[in-house]
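Peer 1: Sharing a structure with you now.
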Amino acid sequence: MTLSRREFVGAATGAGIASMAAPGLLFAQSNGPFRIGLLAAKTGPLASGGIDMELALNMFLKERNGALADRKIELIVADTAGVPATARTKCQELVEKNNIDCLIGPLAAFEALAINDYVVQKEIPTIGVAAAEDMTQRQANPWFVRVTATAAQCAYPLAEYAAKELKYKRMVTMADDFAYGHEMCAGFQRVFEDNGGKIIQKIFPPLTAPDYGSYVASIKNADAIFLGTAGSNGFRFLRQFIEYGLKDKMAVIGGMTALDESVLRNMGDEALGIVTTSFYSAELDNKANQAFAPAFRKQNKYDPGYYAASTYIAGEVLEAALKTTTGKARDKKALIGSIRGASTDTIRGVVKFDEFGNIIGNAYIRKVTRKDGRLVNSVVKTYPDVSQFWTYDKTAFLKNPVYSRDYPPAKNLEP
Amino acid sequence: MQFWIIQGLNSLSLGGLLFLLASGFSLIFGLMRLANLTHGAFFMLGAYLGATALRAIDGLNLWVAALGSGLVVAALGGVFERLVLTRLKTNPLGQVLVTLGMSFIIADACLVLWGGDPIPVPTPSALQSPTGVFGYAFPTYRLVLVGCSIAVAIGLYLLLERTRVGAMIRAGVDDRQMARAVGIPVSTLFTAVFCLGAGIAGAGGVLGGPILSAYPGLDADMLPLALIVVILGGVGSLLGAFIGSFIIGFIYTFGTALLPEFAYIILFLPMILVIAFRPQGLFGRVGA
């Protein structure tokens with residue numbers, strides 16, 4: 001954090017004023033620092049993730065002494081508060097006032113959708129972390145790449161794992177009632193049923209459900225339940241699930257945010273043994289992550305999770321792209337071209353992008369274990385090079401409607 | 001059969017929780033005609049304080065933590081009322097805005113102090129194992145919570161109906177001008193009631209903690225529920241808040257269990273119906 005926000009903002013404002021005072025400087029600036037704008041929710045309910053995004057990106061830049069591919073980097077962080085309208089305003093500010101060359105973020109799908117048009121209109125190379133499926137499918141934005149995963153991308157391998165290796169036959173899904181939850185459950189259901197399993201019940205409590213008691217009590221008897229929640233919702237649901245004595249009756253498995261490190265660090269033994277999926281785990285045993293995860297833990301006293309990893313990977317991808325655009329980083333077309341063409345080794349393993357700008361990389365099946373006194377997501381199986389289309393034919397996939405509450409239709413629901 | 005019994009108990013426990021939330025709001029609204037939009041934030045602050053105390057002090061009892069948090073939040077509420085709200089006595093829009101602003105300040109302060117991760121409030125170890133009810137297992141703590149809210153209801157009833165202070169508060173609710181004219185120190189009373197209302201919210205946050213835990217956004221999740229309960233039950237009526245809480249508890253629980261797609265609509269629908277046919281709420285007095 002010593003690359004302080006104040007320094008960045010100060011430098012950015014200074015540059016802004018200078019360019020206003022002397023338009024001629026603008027030209028000279030094209031050889032100046034490369035400007036990254038980060039849209040992160042640092043206040044409001046999504047703040048935990050946004051703060052981790054900033055911490056990790058700062059850490060990445062500090063490790064490289066503030067320069068990528070021999071270019072000085074200037075980072076300008078804007079707080080979206082997790083509100084789409086604010087995300088839009090802040091994005092505009094980053095582009096028009098701070099004159100950024102590249103955008104990283106935002107965190108949530110509805111924020112990403114709010115800036116989508118503007119990113120296209122202003123042609124801003126954007127490295128996104130939000131999951132909304134269609135942004136890299138039917139309505140792919142040519143200026144957007146995603147370095148995390150679509151909502152369903154990591155649920156596919158988990159569904160196969162649940163059917164083939166855990167041998168679950170009948171399952172219940174439970175997720176927050178918004179696009180992310182719908183898409184994740186739909187992807188899970190599709191692969192699970194294609195592997196011979198049955199989804200017998202789908203539960204979607206509202207995002208702001210005060211109490212999960214009535215939902216927990218209506219869960220039907222099955223082999224396991226799939227949790228497609230994010231943030232504190234999954235945390236509360238799981239506690240109540242245990243309180244009603246259901247954990248002894250059926251297994252729990254979860255999507256990529258259900259037992260994120262940010263949730264895990266406030267849980268106890270009740271989380272042990274729960275299997276989840278993600279594109280990342282702090283426990284990953286590759287060279288880049290062996291350096292990153294312990295350093296992050298040392299600095300912040302907790303393990304990096306989904307959000308911290310997302311911006312660190314964004315940094316790694318950007319660095320790889322800048323190396324191939326020497327001298328042309330200000331050329332937006334060249335930059336987005338080399339980001340999309342980047343194939344690089346990151347803390348989540350080797351990644352590349354498909355023609356829609358979505359990442360192809362490893363997905364990990366993880367199990368909660370205890371290590372040095374804290375709970376961690378140990379990797380139990382790696383699915384290499386998972387694409388957003390899983391094993392399905394791309395053309396046929398894109399002809400279907402986007403995943404939703406009711407698509408694909410659940411044919412095995414039990415009354 | 002199991003469905004009806006378990007969901008019935010769920011309804012009761014949610015109702016109890018809602019009463020702990022709404023009674024303080026109703027008290028303040030009734031006496032001061034003040035829609036205190038900070039109420040949800042007081043509830044959340046209580047939950048965080050309780051969670052922190054329980055984590056920091058070994059062997060601390062949940063009930064003591066609730067009492068302590070309640071007192072701290074009550075004190076904070078008192079300061080807020082004295083310093084800010086007294087200046088806005090005749091300005092209802094100003095009050096709404098300033099209490100809303102205060103809730104943002106508390107929410108952001110909580111975020112700075114406690115970070116964005118959800119923090120659990122542990123269930124007391126003696127209440128962790130489920131209780132058998134007609135042969136079905138039900139979380140014991142939820143049943144105790146219902147008992148708690150009934151105890152709070154009785155306590156408030158005795159305070160309002162059987163004490164001199166209660167009589168003064170009732171006089172203030174019925175006719176503020178007249179109360180002032182007969183020498184009731186309305187201003188002091190206002191502060192006391194505001195402290196009490198905030199304190200109940202703070203303690204309620206801790207008692208609801210084992211079910212809800214403390215997390216950013218808890219304030220915004222709970223405030224609409226307090227509003228629904230109070231508007232349904234009737235402004236300034238303790239009985240209204242009590243009955244209203246359990247009605248909403250039942251409607252929400254059975255609504256979500258039977259028609260999960262309409263969970264939020266089902267919550268607001270009864271309130272809209274009541275307002276349409278009985279604008280003062282189920283137990284509110286006309287012209288009060």
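Peer 1: Can you run phi through the Karplus equation (6.51, -1.76, 1.60; θ = phi - 60°) for segment A:376-390 and list ³J(HN,Hα) in whole Hz, with x for Gly and Pro?
Peer 2: 3J(HN,Hα) across segment A:376-390, in whole Hz: 9, 8, 6, 7, 10, 7, 10, 9, x, 6, 7, 9, 5, 9, 6.
Peer 1: Search the structure for amide H atoms under 5 Å from the amide H of B:Val121, placed 1.01 Å from N in the peptide plane, and list their residues when 5 or more places away or on another chain.
Peer 2: Sorted by chain and number, the residues that satisfy this are B:Ser213, B:Ala214.
Peer 1: Right, here's the next one. What lysines could a cross-link reach from A:Lys42, if we take a straight Cα to Cα line under 23 Å and drop same-chain neighbours fewer than 8 places away?
Peer 2: A:Lys62, A:Lys90, A:Lys97, A:Lys298, A:Lys301
Peer 1: Select from segment A:329-412 those trypsin sites (Lys or Arg not before Pro) which occupy a DSSP coil region and have at most 12 other Cβ atoms within 10 Å, ordered by residue number.
Peer 2: A:Lys411
Peer 1: Further question on the same structure: Taking amide hydrogens as modeled 1.01 Å from N in the peptide plane, which residues meet the under 5 Å criterion relative to A:Lys198, leaving out close sequence neighbours?
Peer 2: Here A:Arg170, A:Met171 satisfy the definition.
Peer 1: Sticking with this structure for a sec: Pairs of alpha-carbon atoms within less than 8 angstrom and 6+ residues apart define the contacts here; what relative contact order does chain B have, in percent?
Peer 2: Taking the mean separation of contacting Cα pairs over the length of chain B, I get 38 percent.
Peer 1: Compute log10 of I(q)/I(0) for segment A:214-261 with the Debye formula, placing one identical point scatterer on every Cα and leaving out solvent, at q = 0.13, 0.14, 0.19, 0.31 Å⁻¹, to two decimals.
Peer 2: Ignoring solvent entirely, the Cα scatterers give -0.26, -0.30, -0.56, -1.31.
Peer 1: I've got another one for you. Within 10 Å of each Cβ in A:231-240, how many Cβ atoms from other chains are there, averaged over the peptide?
Peer 2: 5
Peer 1: Then there's this: What is the local net charge at A:Lys371, summed over the other residues whose Cβ is closer than 11 Å to its Cβ (Lys, Arg +1; Asp, Glu -1)?
Peer 2: Combined, the nearby Lys, Arg, Asp and Glu give -1.
Peer 1: With springs connecting C-alpha atoms under 10 Å apart, model chain A as a Gaussian network and identify which of A:Asn400, A:Asn233, A:Asn362 has the largest mean-square fluctuation.
Peer 2: Ranking A:Asn400, A:Asn233, A:Asn362 by mean-square fluctuation puts A:Asn400 first.
Peer 1: Could you work out, residue by residue across A:211-224, how many beta carbons of other chains sit within 10 Å of that residue's beta carbon, and then give the average as an integer?
Peer 2: Partner Cβ neighbours, averaged per residue: 6.
Peer 1: For a distance above 27 Å, tell me the whole-number percent of Cα pairs in segment A:277-415 that qualify.
Peer 2: Counting pairs separated by more than 27 Å, the tail of P(r) holds 38 percent.
Peer 1: When Lys and Arg each count +1 and Asp and Glu each count -1, what net charge do the other residues less than 13 Å away from B:Leu225, Cβ to Cβ, add up to?
Peer 2: In short, -3.
Peer 1: Continuing with this model, one more query. How crowded by other chains is B:210-218, given as the mean number of beta carbons from other chains within 10 Å of each beta carbon?
Peer 2: 6
Peer 1: Label segment A:93-216 by shape, choosing from rounded, prolate and oblate, from the square roots a ≥ b ≥ c of the eigenvalues of the Cα gyration tensor; if a/c is under 1.5 it is rounded, and otherwise prolate applies when a/b is larger than b/c, oblate when it is not.
Peer 2: prolate
Peer 1: Per-residue ellipticity at 222 nm for the protein assembly as shown, helices alone: DSSP H runs ≥ 4 residues times -39500 (n - 2.57), over residue total, nearest 500 deg cm²/dmol?
Peer 2: Rounded to the nearest 500, it is -17500 deg cm²/dmol.
Peer 1: How about segment A:96-171: which trypsin sites (Lys or Arg not before Pro) there are in a DSSP loop, with at most 10 other Cβ atoms within 10 Å of their Cβ?
Peer 2: Filter output for segment A:96-171: A:Lys167.
Peer 1: Please state the shape class of segment B:196-288: rounded when a/c is under 1.5, otherwise prolate if a/b exceeds b/c and oblate if not, all from the C-alpha gyration tensor.
Peer 2: Because a/c hits 1.5 or more and a/b fails to exceed b/c, segment B:196-288 counts as oblate.
Peer 1: Let me ask another. Net charge within 15 Å of B:Ala41 by Cβ-Cβ distance, Lys/Arg positive one each and Asp/Glu negative one each, not counting B:Ala41 itself?
Peer 2: -4
Peer 1: Can you quote the Å³ per residue value for the convex hull of the Cα atoms in the protein assembly as shown, rounded to an integer?
Peer 2: 166 Å³
Peer 1: Moving to a separate point now. In segment B:5-36, what chymotrypsin sites (Phe, Trp or Tyr not before Pro) fall in a loop by DSSP, with at most 13 other Cβ atoms inside 10 Å?
Peer 2: Answer in residue order: no site qualifies.
Peer 1: Round to the nearest 10 and give me the degree value, 0 to 90, for the angle of helix B:186-212's Cα axis relative to the longest principal axis of chain B.
Peer 2: In chain B, helix B:186-212 runs at an angle near 10 degrees to the longest axis.
Peer 1: Please list 3J(HN,Hα) in residue order for segment A:397-402, calculated via the Karplus relation 6.51 cos²θ - 1.76 cosθ + 1.60 where θ = phi - 60°; whole Hz, with x for glycine and proline.
Peer 2: 4, 6, 6, 6, x, 5
Peer 1: Using only Cα atoms and rounding to the nearest 10 degrees, what angle (0 to 90) does helix B:238-258 make with the longest principal axis of chain B?
Peer 2: For B:238-258 against chain B, the angle is about 40 degrees.
Peer 1: Can you return the aspartates and glutamates within cross-link range of A:Lys198? Criterion is Cα-Cα under 20 Å, with same-chain partners fewer than 8 residues away left out.
Peer 2: Of all the aspartates and glutamates, those that pass the test against A:Lys198 - Cα under 20 Å, at least 8 places apart if same chain - are A:Glu160, A:Glu165, A:Glu183, A:Asp223, A:Asp406, A:Glu414.
Peer 1: Residue by residue through segment A:198-213, which ³J(HN,Hα) values in whole Hz follow from phi under the Karplus form 6.51 cos²θ - 1.76 cosθ + 1.60 (θ = phi - 60°), with glycine and proline marked x?
Peer 2: Each residue's phi maps through the Karplus curve to give 10, 8, 9, 7, 10, 10, 10, x, x, 4, 10, 4, x, 8, 8, x Hz.
Peer 1: To continue, here is another question. How many Å³ per residue does the convex hull of the Cα positions in segment A:154-222 occupy?
Peer 2: 75 Å³
Peer 1: For a quick check, take a GNM of chain B with Cα springs below 10 Å and name the residue from B:Met178, B:Met44, B:Met222 with the largest mean-square fluctuation.
Peer 2: So, out of B:Met178, B:Met44, B:Met222, the one fluctuating most is B:Met178.
Peer 1: Sorted from largest down, what three extents in whole angstroms do the Cα atoms of segment A:273-349 have along their principal axes?
Peer 2: Principal extents (largest minus smallest coordinate, Cα): 47, 26, 20 Å.
Peer 1: Follow-up. Once you keep just the Cα pairs under 8 angstrom separated by 6 or more residues, what percentage relative contact order results for chain A?
Peer 2: Computed over chain A, the figure is 16 percent.
Peer 1: For segment A:154-274, what class follows from the C-alpha gyration tensor (a ≥ b ≥ c being the square roots of its eigenvalues): rounded when a/c is under 1.5, otherwise prolate if a/b is larger than b/c, else oblate?
Peer 2: rounded
Peer 1: Given a 1.4 Å probe and every protein chain left where it sits, what share in percent of the accessible area of segment A:185-239 is carbon and sulfur?
Peer 2: 42 percent
Peer 1: At a threshold of 8 angstrom on Cα-Cα distance, excluding pairs fewer than six apart, so keeping six or more, what relative contact order does segment B:1-81 reach in percent?
Peer 2: Once normalised by length, the contact order is 18 percent.
Peer 1: Report, by chain and number, residues whose modeled amide H sits under 5 Å from the one on A:Ala251, excluding near sequence neighbours (fewer than 5 apart, same chain).
Peer 2: A:Ala224, A:Ile225
Peer 1: Also, I was wondering about something else. Using all C-alpha to C-alpha distances in chain B, build P(r) with 10 Å bins and read off the rounded percent in each one.
Peer 2: Binned Cα distances yield the sequence 7, 28, 36, 22, 6, 1.
Peer 1: While we're here: Span-like helices, chain A: DSSP H, alpha-carbon axial extent 15 Å or more, mean Kyte-Doolittle -1.0 or greater, which ones?
Peer 2: A:5-21, A:47-63, A:84-96, A:109-122, A:179-194, A:232-243, A:306-324
Peer 1: With axes computed from alpha carbons, what is the tilt in degrees of helix B:263-277 against the longest principal axis of chain B, rounded to the nearest 10 within 0 to 90?
Peer 2: That works out to roughly 40 degrees.
Peer 1: Calculate, axis by axis, the spread of Cα positions in segment B:7-126 along the three principal axes, and write the results as whole Å, longest axis first.
Peer 2: 49, 37, 24 Å, listed from the longest principal axis down.
Peer 1: Here is a follow-up. Where does the longest stretch of chain A lie that holds no GluC sites (Glu not before Pro) found in a DSSP loop with 16 or fewer other Cβ atoms within 10 Å?
Peer 2: That would be A:166-354.
Peer 1: How big is segment B:131-288 by Rg and Dmax over its Cα atoms, in Å?
Peer 2: When restricted to Cα atoms, segment B:131-288 yields Rg and Dmax of 17.9, 60 Å.
The values are calculated or read from the model by the stated rules, or taken from the named source; none is laboratory data. Being a predicted model, the structure only gives us computed values, none of them experimental. All Cβ positions, even for glycine, are placed from backbone atoms using ideal geometry, and neighbour counts span all protein chains on display. Areas reflect the complete protein model, heavy atoms only, side chains present, ligands, DNA and RNA absent. Shrake-Rupley method; radii C 1.70, N 1.55, O 1.52, S 1.80 Å.
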